[in-house]
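The values are calculated or read from the model by the stated rules, or taken from the named source; none is laboratory data. A quick note: this is a predicted structure, and the numbers were derived from the prediction, not measured. Cβ placement follows ideal geometry from the backbone for every residue including glycine, while neighbour counts extend to all protein chains displayed. Note: accessible area is taken over every heavy atom of the protein model, side chains too, but ligands, DNA and RNA are not part of it. Shrake-Rupley method; radii C 1.70, N 1.55, O 1.52, S 1.80 Å.
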Amino acid sequence: MQETGEGFGGQDEDTEIQNLPLYTERKADGIYRYRLRVPKDLVERVGKGYLYRNLGRTKKDVVGNWPEAHSDVALADRLEGMYPKKTLALLHGAVLPERSSSFADVLDQYTEFKTTGYEATDHRLKVRIAKCKTDLEAAIGAFKVYQQPVQTITRQDANAYRDSLLPVMAPNSVARYKNTLNAALN
């Protein structure tokens, strides 16, 4: 990626720089820029194949701006081996995902959404949601209900919930509780 020319060790700043610093190139308009290829597996996430930072037109500009450009663009490279690969991939991608909600969080948000302001109606909703949480915890475990992202809930978890309720309540009541959970998820 380095280009050759005259002048980096030398006399005239207006001439092309020889022995460019790593990841530096000269564009056709005479501006030097820092260019780093994005790993193939991250191109879709980043949205482009290269990351660029303009360094300037002269040797002095390139030498002065290169360290900051390198630290901006290559932070993840310096952290290689210090953090898990998934964390480094996020640093390369520069996009952090939002925290995923747990099933309990989803049910709490549903309760807030469905609150009407009528005490009796709201009380029935809160009691039904609390019972759903308790029954879910008994069927699939507290970890899946309160800590795991809701996207990890599977059909097997739903079937386990249904099967745990059938011995203690009528099938229509089981369907009503499952419908409440479905509405909260949707």
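Annotation: for a label point projected 7 angstrom from Cα along Cα→Cβ of Gln109, residues of region 144-172 with backbone N closer than 11 Å are 150-151. Potential lengthening of the chain between Asn19 and Arg162 amounts to 44.5 nm, from the contour at 0.36 nm per residue minus the alpha-carbon distance.
Multiplying the residue separation of Ser71 and Ala183 by 0.36 nm and removing their Cα-Cα distance gives an extension gain of 35.6 nm.
For the set Glu25, Glu68, solvent exposure ranked by accessible area (probe 1.4 Å, protein chains only) runs largest to smallest as Glu68, Glu25.
Near the amide H of Ser101, within less than 5 Å, lie the amide hydrogens of Val150, all on another chain or at least 5 residues away, with H placed in the peptide plane.
Residues whose amide H falls under 5 Å from that of Val38, counting only those 5 or more places apart or on a different chain, are Tyr50, Leu51, with hydrogens built in the peptide plane.
Using the 1.4 Å probe convention, the accessible area of region 109-181 works out to 66 Å² per residue with neighbouring protein chains retained. Remark: region 106-112, residue by residue, has Karplus-estimated 3J(HN,Hα) of 4, 5, 5, 5, 4, 4, 4 Hz, where x stands for each Gly or Pro and the curve is 6.51 cos²θ - 1.76 cosθ + 1.60 at θ = phi - 60°.
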